[in-house]
1. In region 1-47, what count of residues is obtained for those that are more than 19 Å from residue 105 (Cβ to Cβ) and part of a helix (DSSP H, G or I)?
2. What's the number of the only condition in (1) closer than 16 Å to residue 13 by Cα; (2) in contact with a helix residue (DSSP H, G or I) (Cβ under 6 Å, 6 or more places away or on another chain); (3) not assigned by TED's automatic domain parsing to the domain that holds residue 20 that residue 37 fails to meet?
3. Do any helices (runs of 4 or more DSSP H) lying entirely in region 56-164 carry at least 1 residues that are touching a strand residue (DSSP E or B) at 6+ places or on another chain (Cβ under 6 Å) and at pLDDT 95 or above, and which ones are they?
4. Any chance region 72-79 includes a residue that's surrounded by fewer than 17 Cβ atoms within 10 Å (Cβ to Cβ), over 16 Å from the mean Cα position of the chain (by Cα) and assigned by TED's automatic domain parsing to the domain that holds residue 15?
5. What is the residue count in region 86-97 for residues that are exposed (fewer than 15 other Cβ atoms within 10 Å of the Cβ) and under 16 Å from residue 152 (Cβ atoms)?
6. So in region 6-29, with the set limited to residues that are over 26 Å from residue 46 (Cβ atoms) and surrounded by 15 or more Cβ atoms within 10 Å (Cβ to Cβ), which one is farthest from the chain's Cα centre (by Cα)?
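The values are calculated or read from the model by the stated rules, or taken from the named source; none is laboratory data. Owing to the predicted nature of the structure, the values given are computational and were not obtained by experimental measurement. Note that we place each Cβ from the backbone using ideal geometry, even for glycine, and neighbour counts take in every protein chain shown.
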C-alpha cells in the first residue's frame, strides 16, 4: 500500500514553497530534510523540549508535532529567517551572544523562535514573564539566568529601536 501524497503550498522564511509530501511527514523533517533548513533542531520528538519550535503565522509551534501537510496555506518562520547576514545578527541573537545566553546551543534555535513571538506581544517583559514564556523550552546547560538576561537586553534594544 503506497502512502498518500498531499500538495503543500507554504511560505517558508518569506519564500513560496510547493511540494508533494507524504501524509505522515513531520514539519521538522520537511524543514530539515526536504528544504535543508537544519537550524530547526529535533530533540525529544514528543513536543516537550521546544528545540524544534518554529513560528507558524507568527505563533510558536512544535514542528515535531505538526505534519507538513497541516502547513498548507500558512507562513512558517525558522531560525534562519532571523538574519541573512552572518555579520549582522538579529538583536535577539546579538543579545544572546553578548549575554552568554547559550552554551552547547542545541536548544537555542527553539528558544529564539519562542522569544521572537513573545517579544512581539510583550515589549517590556519582567523577569517572571520571561521565565514563564521560556517554560516550554528545556535547556540542560545554562540554568536559564543568562538566557533571561539576554532576552531582557534584547527587549530593551528592540524597544529603543522601535521608539526612534
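1. Qualifying residue count, region 1-47: 5.
2. Only one criterion in (1) closer than 16 Å to residue 13 by Cα; (2) in contact with a helix residue (DSSP H, G or I) (Cβ under 6 Å, 6 or more places away or on another chain); (3) not assigned by TED's automatic domain parsing to the domain that holds residue 20 is unmet by residue 37, namely (3).
3. Details: elements: 91-98, 108-121, 127-134, 145-163.
Correct list: 108-121.
4. Yes: region 72-79 contains one or more residues that are surrounded by fewer than 17 Cβ atoms within 10 Å (Cβ to Cβ), over 16 Å from the mean Cα position of the chain (by Cα) and assigned by TED's automatic domain parsing to the domain that holds residue 15.
5. Count: 1.
6. Step one: list which residues in region 6-29 are over 26 Å from residue 46 (Cβ atoms), which gives 7, 9, 11, 14-18, 20.
Next cut, surrounded by 15 or more Cβ atoms within 10 Å (Cβ to Cβ) only: 11, 17.
On the way: 11: 15, 17: 19 Å.
By that ranking, first place goes to 17.
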